[in-house]
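Remarks on the structure that follows.
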Amino acid sequence: MTNQKRWIQSGVLWGVVLGGLVGCAMIASPPVGEIGKNDHAALAAWYDKEAAHLRQHAKDEMAMAEAYRKNPDPSTLGVISHKIDMIQHCEALVGMYTKAAEEADQAAKAHRDLLK
């Protein structure tokens with residue numbers, strides 16, 4: 001492996017790591033003010049909005065998986081390639097986003113039930 005290729009791979013790896021850190025730092029959490037005030041209507045609305053965002057992320061990941069399926073790398077046709085791993089990765093994220101959206105729906109329902 002040439003030095004140039006190693007530098008490129010290292011750069012890509014660090015880019016992925018830093019991107020993951022930024023992504024994790026941007027994870028939404030319920031507004032603290034509404035929790036302190038027991039504002040269940042606002043919390044239910046927040047969880048509904050979060051569920052919609054999560055479903056959109058799942059839809060985006062599914063589209064990405066389809067793009068990987070439709071556009072396999074021509075140099076690896078017929079051979080297991082890194083794109084198959086990317087398809088599995090996207091599908092795993094779809095499952096996680098879908099489950100998180102269902103949990104957000106349940107939390108919204110629980111807050112609406114507390115209003116009754």
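The values are calculated or read from the model by the stated rules, or taken from the named source; none is laboratory data. Worth saying up front: this structure is predicted, and the values here are computed from it rather than measured. Neighbour counts are summed over all protein chains in view; Cβ atoms, including those assigned to glycine, are modelled from backbone coordinates with ideal geometry.
Here are some notes:
- Region 33-85: number of residues that are modelled with pLDDT of 80 or more and not hydrophobic (A, V, I, L, M, F, W, C): 19
- Residue pairs meeting the criteria (Cβ under 6 Å; at least 6 apart or on separate chains; first assigned by TED's automatic domain parsing to the domain that holds Ala52, in region 99-116; second surrounded by 13 or more Cβ atoms within 10 Å (Cβ to Cβ) and acidic (Asp, Glu)): Ala104/Glu50; Ala108/Asp48
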